[in-house]
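A.B. asks: The structure follows.
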Amino acid sequence: MDIEQIKQRIQKFSDDRNWESFHNPKNLVMALNGEVGELNEIFQWLNFEECMNLPEDVKEHTKEEVADIAIYLIRICMKLDIDLEDAIMNKMTKNEKKYPVETSQGGSKKYSKSREDK
């Protein structure tokens with residue numbers, strides 16, 4: 001994935017439509033939330049087997065919603081001067097410390113709950 005190429009294309013799309021004034025972090029987060037809601041609707045009433053075996057048309061719709069989410073997330077990063085790759089790598093380092101294999105493997109408890117068992 002060439003994130004710089006994607007950012008340029010997103011910026012051009014916005015510039016060509018004169019949407020820059022609408023793309024403030026608040027509006028982008030609200031739009032992101034709407035797209036996450038649309039993705040949620042796809043899976044809302046499906047069981048595990050159905051989730052894992054989406055029909056092709058539903059999978060295509062899912063891909064479009066995931067792309068919308070990624071576009072808005074990247075746009076937010078662009079507006080706030082956040083290096084997405086760096087943010088992800090830093091967060092994974094924190095997650096690795098927060099959820100060590102010894103206390104987290106095979107469990108689904110939230111961080112604060114997994115520590116209570118000790």
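A.B. asks: Ordered by packing density, taken as the mean number of other Cβ atoms within 10 Å over each peptide's residues, highest first, how do 65-72, 41-48 rank?
C.D. replies: 65-72, 41-48
A.B. asks: For the chain, what is the calculated [θ] at 222 nm in deg cm²/dmol (nearest 500), taking -39500 (n - 2.57) for each run of four or more DSSP H residues and dividing by its residue count? Don't skip to the answer; put the middle values down first.
C.D. replies: Numbers: 7 runs with 88 residues, N = 118.
The per-residue figure over the chain is -23500 deg cm²/dmol.
A.B. asks: Mind putting a number on the dipole of the chain about its Cα centre? Charges go on the C-beta only, +1 for Lys and Arg and -1 for Asp and Glu, and I need it in Debye to the nearest 20.
C.D. replies: 800
A.B. asks: Something else about it: How high is the FRET efficiency between residue 7 and residue 50 when r is their beta carbon distance and R₀ equals 25 Å, given to the nearest 0.05?
C.D. replies: Once rounded, the FRET efficiency stands at 0.10.
A.B. asks: Hey, any idea what the orientation-averaged projected area of the convex hull of the range 3-82's Cα atoms comes to, in nm²? Don't skip to the end; give the middle numbers.
C.D. replies: On the way: hull surface 25.0 nm².
Answer in nm², one decimal: 6.2.
A.B. asks: Follow-up question, since we're still on this one. Calculate how steeply helix 3-16 sits against the longest principal axis of the alpha-carbon atoms of the chain, using the helix alpha-carbon long axis, and give the answer as 0 to 90 degrees to the nearest 10.
C.D. replies: Computed tilt is about 40 degrees.
A.B. asks: Rounded to two decimals, what is Rg over Rh for the range 18-59 when you use alpha-carbon atoms and the Kirkwood radius?
C.D. replies: 1.21
A.B. asks: Ok, one more. Can you figure out the FRET efficiency of residue 43 with residue 97, using R₀ = 25 Å and their beta-carbon distance, to the nearest 0.05?
C.D. replies: Efficiency at R0 = 25 Å is approximately 0.25.
A.B. asks: Let me ask something else. If one computes P(r) from the Cα atoms of the range 48-115, what percent of pairs lie at distances over 13 Å?
C.D. replies: 76
We did not get these values from a lab; they are worked out from the coordinates using the rules stated. Since the model is a prediction, treat every value here as computed from it, not as a measurement. Because the Cβ atoms are built from the backbone with ideal geometry, glycine has one as well, and the counts that use them run over all protein chains shown.
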